[in-house]
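Participant: Sharing a structure below in structure tokens format, with a few things to ask.
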Amino acid sequence: MKLCSFTANNTKRYGAVMPHGGVFDLSARLGAKFPTLRDLIQNNGWSEVRQLVDGAQADYQESDIKFLPVFDESVTIHCVGLNYAAHTAEAGIKQPDFPRTFIKVNASLVGHREALEKPTLSPQFDFEGELAVIMGRPAYRVTAADALEYVAGYTCFMDGSVRDYQLERTIDQGKNFYRSSSMGPYLVTADEVGPLGQLTVTTLVSGETMQHSAFHKMIFSVPTLIEYITSFTELRPGDVIATGTPEGVGFKRSPPRYLQPGDTVEVIVERVGRLVNVVR
């Protein structure tokens, strides 16, 4: 299944993306029981969704809705840095011995087709295309062997990075400029995506391929990341792990390729989707 949160007719809603296109409005049918997509996940409403969408017709075309960044409400977003060896090499940093994580705040995110805002305080606005994991069950002190049982699904993630703030001040500042990152369009359930290993992530900037790699090249796999993060905190349904970006980022190109107004950024995750945003 593919699920999304969106705005239609000035009302926030959530729904299922139909196989032949369009969105079936789940909030109109399940909203009294599960007010939001996160509530649905938290209360394991999958069987009710499957019964409703089987043979149903779409209520909206995707062109008629405004996508939200997967969820309407705030969720905790754990981002992983330096998780591809080729990226650590291009950055001139020693390969980490453990996952390097930071938190991204919800105000830094926009949804699919929404505009990214180029910061006025810095010219160094960079792109990072990533796979994001969305948790489906509360998880604390989970082993890597069991970790995938706690995953609801996956989505695309663009970790916008303001490099001078990140490198000269703090990583949290550089990674949390207002409307500098994006997530979506969909939560694609884990059963539909299947094994990640040979799947790929690609980042395009104004049609030019900047990043491309397969997930088996991660230093720390998705199960390892879940095990590590849940060793020190609880992950709750709807929480997100952005799994890191491969090589090819803008600030390590010669000359550097920073995002400019009018650029289009596309993050394509195989079997998950295509996240598209224009910079303004």
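The values are calculated or read from the model by the stated rules, or taken from the named source; none is laboratory data. The model shown is predicted, which means the values in this text are computed figures rather than measured ones. Quick reminder, even Gly has a Cβ in these numbers, built from the backbone with ideal geometry, and neighbours come from all protein chains shown. The accessibility values were calculated without ligands, DNA or RNA, using every heavy atom of the protein model including side chains. Shrake-Rupley method; radii C 1.70, N 1.55, O 1.52, S 1.80 Å.
Participant: Between Ala85 and Gln61, how high is the FRET efficiency from 1/(1 + (r/R0)^6) when r is the Cβ-Cβ distance and R₀ = 51 Å? Nearest 0.05.
Facilitator: FRET efficiency, Ala85 to Gln61: 0.75.
Participant: Right, another one. Taking H as built 1.01 Å from N, whose amide H comes closer than 5 Å to the amide H of Asp59, not counting residues under 5 places away?
Facilitator: Val23, Phe24, Asp25
Participant: Another question, if that's okay. Which FRET efficiency value, to the nearest 0.05, do you get for Glu149 and Met1 by plugging their Cβ-Cβ distance into 1/(1 + (r/R0)^6) with R0 = 25 Å?
Facilitator: On the way: r = 17 Å, r/R0 = 0.70.
Once rounded, the FRET efficiency stands at 0.90.
Participant: Roughly how many nanometres apart are two label points built 7 Å out from the Cα toward the Cβ at Ala214 and Ala28?
Facilitator: A separation of 4.3 nm, rounded to one decimal place.
Participant: Restricting to bridges with both residues inside the chain, how much of the DSSP beta-bridge set is antiparallel, in percent to the nearest 5?
Facilitator: 90
Participant: Hey, what's segment 148-197 come to in accessible area per residue, 1.4 Å probe, Å²?
Facilitator: 36
Participant: Give Lys12/Lys33; Lys118/Lys175; Lys217/Lys252; Lys2/Lys118 a once-over and call out the pairs whose C-alpha atoms are over 21 Å from each other. Could you put the intermediate results ahead of the total?
Facilitator: On the way: Lys12/Lys33 16 Å; Lys118/Lys175 13 Å; Lys217/Lys252 19 Å; Lys2/Lys118 30 Å.
Where the Cα-Cα span goes over 21 Å, the pairs concerned are Lys2/Lys118.
Participant: Let me ask another. Using only the heavy atoms of the protein chains and a 1.4 Å probe, how would Val240, Val53 rank by accessible area, largest first?
Facilitator: The ordering from most to least exposed comes out as Val53, Val240.
Participant: Which of the peptides 207-218, 66-77 is most tightly packed, and how do the rest follow, going by the mean number of other Cβ atoms within 10 Å of each residue?
Facilitator: Result, highest mean first: 66-77, 207-218.
Participant: I would also like to ask the following. Over all directions, average the projected area of the Cα convex hull of segment 23-152 and note it in nm².
Facilitator: Its average projected convex-hull area is 11.6 nm².
Participant: Give me the distance in nm between label points sitting 7 Å out from Cα along the Cα-to-Cβ direction at Arg50 and Ala107, one decimal.
Facilitator: 4.1
Participant: In the chain, what percent of the accessible surface is made up of carbon and sulfur (1.4 Å probe, ligands and nucleic acids excluded)?
Facilitator: Carbon-and-sulfur percentage of accessible area, whole number: 47.
Participant: Please list, or write none, the aspartates and glutamates whose alpha carbon is within less than 16 Å of the alpha carbon of Lys66, excluding same-chain residues fewer than 8 places away.
Facilitator: Partners within reach: Asp25, Glu114.
Participant: Among (i) 7, 31, 37, 20, 5, 0; (ii) 5, 21, 22, 20, 17, 10, 4, 1, 0; (iii) 6, 26, 33, 23, 9, 3, 1, 0, which one is P(r) over Cα pairs in 10 Å bins from 0, in percent computed from these coordinates?
Facilitator: The value computed from this structure is option (i).
Participant: Oh, and also: At 1.4 Å probe radius, can you tell me the per residue accessible area of segment 41-137 in Å²?
Facilitator: Roughly 45 Å² per residue, with all protein chains present.
Participant: If you place +1 on the Cβ of every Lys and Arg, -1 on the Cβ of every Asp and Glu, and leave all else neutral, what size is the dipole of segment 76-191 about its Cα centre, to the nearest 20 Debye?
Facilitator: 220
Participant: Using alpha carbons only, how many angstrom separate the centre of segment 197-242 from the centre of segment 44-95?
Facilitator: 11
Participant: Within the P(r) computed for segment 117-250, what percentage of the Cα pairs occupies the region above 18 Å?
Facilitator: Counting pairs separated by more than 18 Å, the tail of P(r) holds 58 percent.
Participant: For segment 98-107, in order, what is each residue's ³J(HN,Hα) by Karplus, 6.51 cos²θ - 1.76 cosθ + 1.60 with θ = phi - 60°, in whole Hz (x at glycine and Pro)?
Facilitator: Going residue by residue, I get 8, x, 9, 10, 8, 9, 10, 8, 5, 5 Hz, with x marking Gly and Pro.
Participant: While we're here: Under 5 Å between amide H atoms, partner at least 5 residues away or on a different chain: which partners does Val110 have, H built in plane at 1.01 Å?
Facilitator: Excluding prolines and chain starts, which carry no amide H, the hits are Ser181, Ser182, Met183.
Participant: What base-10 log of the normalised intensity I(q)/I(0) is obtained for segment 1-53 from the Debye formula, alpha carbons as equal point scatterers, at q = 0.18, 0.22, 0.24, 0.26 Å⁻¹?
Facilitator: The Cα Debye sum returns log10 ratios of -0.51, -0.76, -0.91, -1.06.
Participant: A further question follows. Just grab the label-to-label distance for Ser206 and Glu192, each label 7 Å out from Cα along the Cβ direction, in nm (one decimal).
Facilitator: 3.3
Participant: Just to confirm a number: summing +1 for Lys and Arg and -1 for Asp and Glu over residues other than Met1 whose beta-carbon lies under 9 angstrom from that of Met1, what do you get?
Facilitator: It works out to a net charge of 0.
Participant: Just to check I understand the Karplus step: with θ = phi - 60° and J = 6.51 cos²θ - 1.76 cosθ + 1.60, what whole-Hz values come out for segment 87-94, glycine and proline as x?
Facilitator: So the J values, rounded to whole Hz, are 6, 4, 5, 5, 7, x, 10, 4.
Participant: To the nearest 10 Å², what's Tyr258's accessible area with a 1.4 Å probe?
Facilitator: Taking all protein chains as shown, Tyr258 has close to 40 Å².
Participant: Residue by residue, what Karplus-based ³J(HN,Hα) values in Hz, rounded to whole numbers, does segment 183-195 have, using 6.51, -1.76 and 1.60 with θ = phi - 60° and x for Gly and Pro?
Facilitator: 8, x, x, 10, 8, 9, 5, 4, 5, 6, 6, x, x
Participant: What are the residues whose amide H is under 5 Å from the amide H of Gln211, where those residues sit 5 or more places off or on another chain and H is modelled from the backbone?
Facilitator: Long-range HN contacts for Gln211: Thr203.
Participant: Which of Arg13, Arg141, Arg38 ends up with the largest GNM mean-square fluctuation for the chain, with Cα atoms connected below 10 Å?
Facilitator: Comparing Arg13, Arg141, Arg38 in a Gaussian network model of the chain, the most mobile one is Arg141.
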